[in-house]
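These notes are about the structure you will find just below.
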Amino acid sequence: MNQSTQAGVAGPVRSSFSSLSTKSLGPWLVAAIVVAALIAGWVLRGDDSINPELGIGYWLGIIGGSMMVLLLVYPIRKRVSPRTNWGSIGFWFRLHMLLGLGGPVLILYHSRFTWGALNSAVSMTAMLIVASSGLVGRFFYARVHRGYSGRKLEVRAILKDMHEELDSLSEGGVTGAWLRDQLHPFEQRTVAAGASFWASARSVIDIGIATRREQRRLRRDIAAMFGASDVPRNEWAPTKHDLLARSSAYFLAVRRAAEFAFYDRMLRLWHLFHLPLFFILVLTAILHIVAVHMY
């Protein structure tokens with residue numbers, strides 16, 4: 001493989017990893033802010049400056065509750081024609097996630113991180129269950145959709161990615177062809193993984209362990225193969241790096257394809273429970289507001 005080919009092959013790999021790390025930074029930053037806010041609120045929970053019934057403490061509850069009600073906009077937007085000028089589904093999903101995190105934080109500040117009276121405790125419990133359910137749903141969603149775009153992945157597209165990674169190894173000459181033969185058996189295991197719910201559930205663990213074990217073995221074999229070569233290190237090092245990067249990308253695609261069927265089924269099951277839980281939250285919140293203002 002000549003240097004121009006190596007540069008052309010390695011470039012997209014590096015750019016994809018760079019893009020992935022950039023996209024991953026946002027959620028981690030939001031999570032860090034939420035965790036910091038929760039820790040600060042827990043430390044200051046005895047501060048008498050926040051009164052749930054007066055002033056800023058009261059309005060924190062109003063704003064937090066309103067944010068929770070606005071969570072309904074996202075499922076409504078999904079059912080509205082895409083031609084309407086409501087903004088993209090991806091935008092509303094991101095806002096849905098922010099509201100689902102910010103609302104509970106404000107309500108916890110409103111309650112001063114205590115359960116309070118019975119009606120408050122019931123409403124708080126329902127909110128924490130819905131918020132936890134939302135985090136679980138976010139985990140499943142990320143594995144069956146393309147980022148926050150709202151566009152669902154398809155097994156066909158994932159398998160195509162696997163084929164492309166596998167076929168690209170032919171550019172590595174004899175070593176690439178050998179590596180391709182080593183990786184090819186995982187394709188059949190991936191196709192079989194989606195046969196049933198339990199087969200897909202097993203594959204999440206089995207194929208995950210198998211691909212990581214095989215990846216470590218291939219790293220050792222490739223390192224030994226190039227290390228025993230008479231070619232100077234500065235000539236074969238880029239090729240070795242490229243083959244390792246391509247095999248890693250292939251194994252990632254294999255795990256993604258094997259997991260897809262399981263997480264898709266789990267996301268459908270999650271939807272059956274999350275919306276009813278949300279309406280229970282709304283009901284308990286209404287009862288809490290009525291109880292607070294009447295008694």
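Tabulated values for the structure
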read-out: Integer Hz, Karplus 6.51/-1.76/1.60 couplings in order for the range 212-223, x for Gly and Pro; value: 5, 5, 5, 5, 5, 5, 5, 4, 5, 5, 5, 4
read-out: At R0 = 51 Å, FRET efficiency that the Cβ-Cβ distance of Val290 and Arg220 yields, to 0.05; value: 0.15
read-out: Isotropic mean projected area of the C-alpha convex hull, the range 215-260 (nm²); value: 3.1 nm²
read-out: Cβ-derived FRET efficiency at R0 30 Å, Arg212 paired with Tyr58, nearest 0.05; value: 0.05
read-out: Mean projected area (nm²) of the alpha-carbon convex hull when the range 33-118 is viewed from all directions; value: 6.8 nm²
read-out: Sorted by Cβ density within 10 Å, fewest first, the residues Val69, Val254; value: Val69, Val254
read-out: Amide H contacts of His145 (H built 1.01 Å from N, under 5 Å, at least 5 apart or other chain); value: Leu153
read-out: Lys78, Lys240 arranged by Cβ crowding within 10 Å, fewest neighbours leading; value: Lys78, Lys240
read-out: Equivalent ellipsoid dimensions for the range 25-68 as semi-axes, Å, which come from the Cα gyration tensor, largest first; value: 23, 15, 5
read-out: Cβ-based exposure ranking for Glu53, Glu259, in which fewest neighbours within 10 Å come first; value: Glu53, Glu259
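Bear in mind these aren't lab numbers, they're just calculated from the coordinates by the rules spelled out. Please read all numbers here as calculations on a predicted model, not as lab measurements. Here the Cβ is made from the backbone with ideal geometry for all residues, glycine too, and neighbour counts use every protein chain on show.
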